[in-house]
Structure formats: structure tokens, C-alpha cells
Amino acid sequence: MVWPKRRIQLVASAATPGIEGVRAVLKGIQLEFSEAEDLSEEFTERWFEKPFDRVATASSEELAPATELVFGSKGAEDDLWTKKALARGMNQQSIQSLIHSILEDELILPISEPTVFIEGRPLIGHVLNEAGFEPTILWQTTDGKWQCERRQGLHWLIPESWLVELMEENWPENGTVWVEENATWVVRETKIDFYQGQEGLKFIGQMPRWPEPVEEQGACQNIAKCLDLGVSWLDIQLALGSLWNNITMTDNLRWNNDDFGWNARACGEKLSAGAAEYMEDWWNR
């Protein structure tokens, strides 16, 4: 006898909160599931009562027997499915319980909207992946579709609005990473300076203004969170380097001399003549 793989029978309407994200998560972790308008045939025969040759030779396109029922909000229709599942000895649980069990051993980084994208992924996910964190990312694309990219790292990057919509007040906060905000930034005329520290800010690095002005605030928030997570400025530069292919490393050099400074190769842009704020530790980068 062939013991079946875990296979979900998802019973939820299109109006179920967060259902598109749920489907994306199941696909991302490669947990088999099925949905159909009429699935009564799946309950007419128990998987262990099927002839061996039918179980062994069934194609992946055929409706395989489900091992458990996962349902959305309880209602009259769901009660009918529940009775059928009990009669067939199937495990059953809610969508919320299923997602909770998937995430219970993971570190969740809630991501706030609006989302800034780079190379098709959320900016923070792209930077963390390039820095070696290899997070799993759940996101909604610009055309409204949901995607989940499973990686080997501990972190899951999940839109906070989706967690609240699906789980309401019961999402697994024990595994949620609330990052202490130590990084900040100052927008200059042509550059953005990043600093870090609670007592006396330390200059971390500088980058050109963001290509899309409407995204600049969100992009800076994402970069600051990466710094708070321990990503080095060099890794951030390398991850975002494709945005400014015509910028060289010397463009980020800054120094102070007699209370004023100049930005290398920036047409003599004069910095503030106020008291010196910092001197970049270039050798520590």
C-alpha cells in the first residue's frame, strides 16, 4: 500500500479574506492542494480503499484524494463539507490554523505598504536576499497577483495588512520580529545620508536620490530597516548598484575640512557650512 502525501482540500469562497495570499503560500512551500466547484467525487471513495494500480499510476493532473480539509469562514456549506470529511476520517482545520502552523517556527518580518519594488521583488526582500539572509517573501505584484518565493533563511517577509486581514488579532506574534529603529536618514539636494545610533548619530553611508520621487520615502524606510537588521552598507550598495550604473564608488566619498566639504565629482556641490557632523570611516566599510 502506498501512503499518500499530504494534500489539502481547500474549501473557501473567493470572498474569503486573504485567500489569494493563502494560495500563494501553499504554492510557495509546495504543499499540494486542490480547489474545484464540485468536489463531491473526492469523498465517494477512501484513498486506502482504491486499488493499488489506480493509486500508483494516477497522474498529477487527476484529482488525488485529499488527506485533510482546510476551510474558510464557517457556514452552512462548510458544515456540509465538515460532515463529509468526518465521515471519511479526514483531518480538518481552518485556514487560520493552517497558516499559523506553517509560520509557528519562522521569524516573521511584517512589511508595511506601499511596497517599493526592485527587479520585480519588494525592495527589502531583494536587499536581504542579496545580503545572504535568504528570506521567504510573500507579496502582491503591481498587477494584483500574489506570489510567494520560498528560501532557506529563517525570515518570512509578509505584508502586515495581509496578516491582519487573514488572522485578525490571532496571528503568531511570538515569532514576529519587531526591529528597534536606530537608523535614520537625511535627504540632501542630490544625495541621501544614512545614520545610525541612539546616542549621537554615526554616519553610515550616502546614496543618490531615489529614481522615483514618490517612492523615495518608502525606499528609505526599507533601507533603514535593513540597517537595523544588521545588513552592512556595502551589501546595500551592491544590492542597489543596478539602479545607478553610472555612479562609481568615489561618488559616495564625503569629508569635512574647516567646517565645510565637497562631494567628489558632483560639480562642486557645497555642503553645509555648519559644525562638522561626521567623518566617514571609509576603511570600516
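Going through Asp251, Asp258, Asp193 one at a time, which residue ends up being modelled with pLDDT of 95 or more and acidic (Asp, Glu)? Steps first, answer last, please.
Values: Asp251 fails: modelled with pLDDT of 95 or more; Asp258 fails: modelled with pLDDT of 95 or more.
Among Asp251, Asp258, Asp193, only Asp193 is modelled with pLDDT of 95 or more and acidic (Asp, Glu).
Of all residues in segment 112-136, count the ones that are within 17 Å of Ala219 (Cα to Cα), touching a Leu at 6+ places or on another chain (Cβ under 9 Å) and either of a type in the set (A, V, I, L, M) or not in a loop (DSSP other than H, G, I, E, B) (or both).
Adding up the residues that qualify gives 12.
Which condition breaks for Arg151 when tested against (1) surrounded by fewer than 16 Cβ atoms within 10 Å (Cβ to Cβ); (2) within 12 Å of the chain's Cα centre (by Cα)?
With (1) surrounded by fewer than 16 Cβ atoms within 10 Å (Cβ to Cβ); (2) within 12 Å of the chain's Cα centre (by Cα) applied to Arg151, the lone miss is (1).
This table checks each residue for (1) outside any helix (DSSP H, G or I); (2) of a type in the set (Val, Ile, Thr); (3) touching a helix residue (DSSP H, G or I) at 6+ places or on another chain (Cβ under 9 Å).
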site	(1), (2), (3)
Val186	yes, yes, no
Asp193	yes, no, no
Gly200	yes, no, no
Phe203	yes, no, no
Gln206	yes, no, yes
Trp210	yes, no, yes
Glu215	no, no, yes
Gly218	no, no, yes
Lys225	no, no, yes
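The values are calculated or read from the model by the stated rules, or taken from the named source; none is laboratory data. Keep in mind the model is a prediction, meaning the values are calculated, not measured. Virtual Cβ from ideal backbone geometry, glycine too; neighbours counted across all protein chains shown.
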